[in-house]
Amino acid sequence: MVLNGDWVKVRVRSTISGVNDATTTPVRIDADRAAGTLSLGWTDGHATAYDAVTLRWLCPCAYCRGEAGMPGWLDTNPTLTADQVKIVDVALVGAYAIQVTWGDGHATGYHSYRLLREQCPCASCTRDREQRHQDHGGDR
């Protein structure tokens, strides 16, 4: 990981067999703290970019998502503060995820590469998700 002013750059060089494939193996992770963005380049050539607000809403931790049948904090549809969407740091978690540290101190969510790829907000991936949803019956 390279810290350079407002940038955190990570070059990913290893994978865990069976965990990552060409669509879920990043070769580049760039966090621009000043702009509040996280960009990933994948082995298959695809590029994903998240703004900090969208990334925070994706937090998969028990506090944000809930556990044991109880709703999480994000389920209450909170208004996020500037500190809650300020990227302070990004760290690798093994060869399968990143851990974002937010301005409010929150850092318990491990954003897996699979999650980040599956929820890619680009137009092409959004269209593909919508099509898969329709193909499987939509909102029955």
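No lab work stands behind these numbers, since they all come straight from the coordinates. From a predicted model like this one, the values you see are computed outputs, not experimental measurements. As a convention, Cβ positions derive from the backbone with ideal geometry for all residues, glycine included, and neighbour counts pool all protein chains shown.
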For the stretch 61-69, just list the computed ³J(HN,Hα) in residue order, Karplus coefficients 6.51, -1.76 and 1.60, θ = phi - 60°, integers in Hz, with x standing in for Gly and Pro. 5, 4, 4, 6, 9, x, 7, 6, x
List His136, His111 from most exposed to least, where exposure is judged by having the fewest other Cβ atoms within 10 Å. His136, His111
Just to verify a number: FRET efficiency for Asp89 and Thr23, C-beta to C-beta distance, R0 = 35 Å, to 0.05? 0.85
Quick one: 3J(HN,Hα) in Hz for the stretch 21-29, Karplus 6.51/-1.76/1.60 with θ = phi - 60°, rounded, Gly and Pro as x. 10, 4, 8, 10, 10, x, 10, 8, 10
Once you have all Cα-Cα distances for the stretch 2-135, histogram them in 5 Å bins from zero and send the whole-percent values. 2, 10, 19, 22, 20, 16, 8, 2, 0, 0
Kindly rank 121-134, 41-54 from highest to lowest mean number of other beta carbons found within 10 Å of each residue. 41-54, 121-134
